[in-house]
Structures are given as C-alpha cells and as structure tokens.
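Report on one structure; see the data block that follows.
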Amino acid sequence: MTNRVPFIAGNWKMNLDHQQGIALVQKLAWTLKDANFDYATAEVAVFPGFTSLRSIQTLIDADQFELKLGAQDISAHDSGAFTGEVSGLALKKLDVQYVLIGHSERRQLHNESDDVVRSKTAAAFKHGIVPVICVGETLEELESEGAAAVPVRQTLAALAEHESLGDFIIAYEPVWAIGTGQVATPEQAASVALKIRDAIRAEHGELADRVRILYGGSVKANNVAGFLRSPEVDGVLVGGASLDSEEFSGIARFQSHLAI
Ligand code: PEP
C-alpha cells in the first residue's frame, strides 16, 4: 500500500477552443459532483491547449472546482527571442500546476531530444510547476530492446544534472499504444513502472518512493481499473477519452470499478 495519491490527467492535445474547453470542464465537474466523487481518492487534472488556459483557470477559480490545471509544454527559456514559445513564468502566472514534458508527439513530430526534455524539466522546477515527464518506447524499440529500456533511459536523462530535483511525475506511455486503441497489459505497465522506480532509486535515492508513475495509452473507463489495481501504477495519462466528460469522469472514478 502506498500513500501516493493517484493522478488522473487529461491531455486534450490540439483539440477544443476555449469555449468548448469551458463547456467540457463544467460538465466534468458537475458529473463528478453528481457521482459524489471524493477528490481525496484521486487528483484530477486537465491539460488544455495554451489558448484555453486563462479561461479554464478563471472557471476553476470562480466556481471553486477541485480540478487541477496543467499545460502541454513549457519553454526551456524564461523570456526573449523565442517566437511561439510559452515560458514557465507566464504559466505560473496562470496558476498552472503541472506541465507535460516530452510527450511522444513532441519527441517525434518536433524532434525534442532527451536534452531538450531535460532543459524543459529544469524550467518547470525553476518555476515551481510539476513536470509530468513522458517516456515510452516505439514498437521497433519494444521488439529490439524490450519494454523498459527506453523509458528508463529517457527518465534518467530527464533527471540528470539538476542542482536539485523538485516534485515530478513520470508518465510511461508506450508510443504504439497512444491513440491506437492498442493497450499495454496491466502487467507490462506495472513491470515497466517498477523498473523506472528502481532506476530512479538507484540514481536519486529514496525520493523514488514519492514519485507518481502513470500509465498512458488508449486508457478508457472500461480498462482503467486493470492498471490502477497494481500498487506500481499511480494514475493514468489520458488523451482521446479525456475529451468526453462522461468517459473521463468514469476514469477518475476508477475506484468504483476496482471492486468488480
Ligand atoms: C496521450 O496523448 O498521452 C494518450 C495517452 O492518448 P490516448 O489516450 O488517446 O491513447
């Protein structure tokens, strides 16, 4: 039994404008309220696109929703000639508490290297935003190196050479499972999470026991319980299913499926 509070994160990716985002968050909060959701059982966070952050922040604040707010990326720099980038300073000003770093779509489509991921992780630490560092293997890497090698390597690279480590979350997302409907087995997710935690412990000591390690990749309300049954998996990072308030609230209420 661990005392890590499960983290349920919805990555909206490049979907929804700010008005649609407001509607989704309202529906999500009301659905959870109607179901008497107990926020002590899980932290629930939404990760809208940049243009929706201010609206969602204002809504959460005004209606005192217990939902948490995350961004999908952060610049490694604080300010200056970096057209198109968004700094940790600006995110912090919007009360952003979490930030996705190194999502496989950014690694693959925007050529983000381990070094870039490490610099962005440093920026998040600097501004007191908790990085959700995404790691995971492609199908080719799974076949050539097994499931854990790449995620462990990416995790250690993101955590290397910081003066000190703030709080962080690792999201293990096999690339072949993202948006494909092809899900890792709960056993694979648990086994990779265990190896990631062991590797963090070997490099950085006991803080490993506090780190939440999530699974991501085609998670739905009807398969979430399998992952969260394992004490090694501390939550889920959800893409497509987080755009549907009923489905995402079903994922947040994973405790109610655990008994089944
Ligand atoms: C993701 O984008 O991080 C993700 C896991 O997507 P999906 O749930 O759609 O597979």
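The values are calculated or read from the model by the stated rules, or taken from the named source; none is laboratory data. Quantities reported herein were computed from a predicted structural model and do not represent experimental measurements. Using ideal geometry, Cβ is built from the backbone for each residue, glycine included, and neighbour counts are taken over all protein chains shown. The protein model used for the area step is the full one, side chains on, heavy atoms only, and it has no ligands, DNA or RNA in it. Shrake-Rupley method; radii C 1.70, N 1.55, O 1.52, S 1.80 Å.
Give me a count of the residues in the stretch 177-187 that are in contact (Cβ under 8 Å) with a residue 40 or more places away in the chain and crowded, with 18+ Cβ neighbours inside 10 Å.
Count: 4.
Which pairs have Cβ atoms under 8 Å, sit 6 or more apart or on different chains, and link a residue in the stretch 151-176 that is in contact (Cβ under 8 Å) with a residue 12 or more places away in the chain to one that is of a type in the set (A, V, I, L, M, F, W, C) and in a loop (DSSP other than H, G, I, E, B)?
LEU159/LEU165; LEU159/PHE168; PHE168/VAL211; ILE169/VAL211; ILE170/VAL211; PRO174/ALA147; PRO174/ALA184
Only residues that are away from the ligand (no atom under 16 Å from the Cβ), outside any loop (DSSP other than H, G, I, E, B) and out of contact with any strand residue (DSSP E or B) (no Cβ under 6 Å at 6 or more places or on another chain): list them for the stretch 103-128, please.
Quick first cut of the stretch 103-128, residues away from the ligand (no atom under 16 Å from the Cβ) only: 111, 113-116, 118-128.
In the following step, the residues that additionally are outside any loop (DSSP other than H, G, I, E, B) were identified as 114-116, 118-126.
ASP114, ASP115, VAL116, ARG118, SER119, ALA122, ALA123, PHE125, LYS126 - these are the residues of the stretch 103-128 that are away from the ligand (no atom under 16 Å from the Cβ), outside any loop (DSSP other than H, G, I, E, B) and out of contact with any strand residue (DSSP E or B) (no Cβ under 6 Å at 6 or more places or on another chain).
Against the conditions (1) on the phi > 0 side of the Ramachandran plot; (2) surrounded by 21 or more Cβ atoms within 10 Å (Cβ to Cβ), where does PHE65 fall short? Just the number, please.
(1)
Can you go through GLY146, GLY166 and tell me which one is open to solvent by less than 40 Å² (accessible area, probe 1.4 Å), at positive phi and more than 16 Å from the ligand (Cβ to nearest atom)? Before you say what the answer is, go through the steps one by one.
Details: GLY166 fails: at positive phi.
Just a single option satisfies the conditions, and that option is GLY146.
Got a number for residues in the stretch 68-108 being within 27 Å of GLN26 (Cα to Cα), among the polar types (S, T, N, Q) and either at pLDDT below 95 or open to solvent by 50 Å² or more (accessible area, probe 1.4 Å) (or both)?
1
Can you tell me which of VAL236, VAL211 is β-branched (Val, Ile, Thr), within 15 Å of the chain's Cα centre (by Cα) and away from the ligand (no atom under 16 Å from the Cβ)? Can you show your working first?
Details: VAL236 fails: away from the ligand (no atom under 16 Å from the Cβ).
Among VAL236, VAL211, only VAL211 is β-branched (Val, Ile, Thr), within 15 Å of the chain's Cα centre (by Cα) and away from the ligand (no atom under 16 Å from the Cβ).
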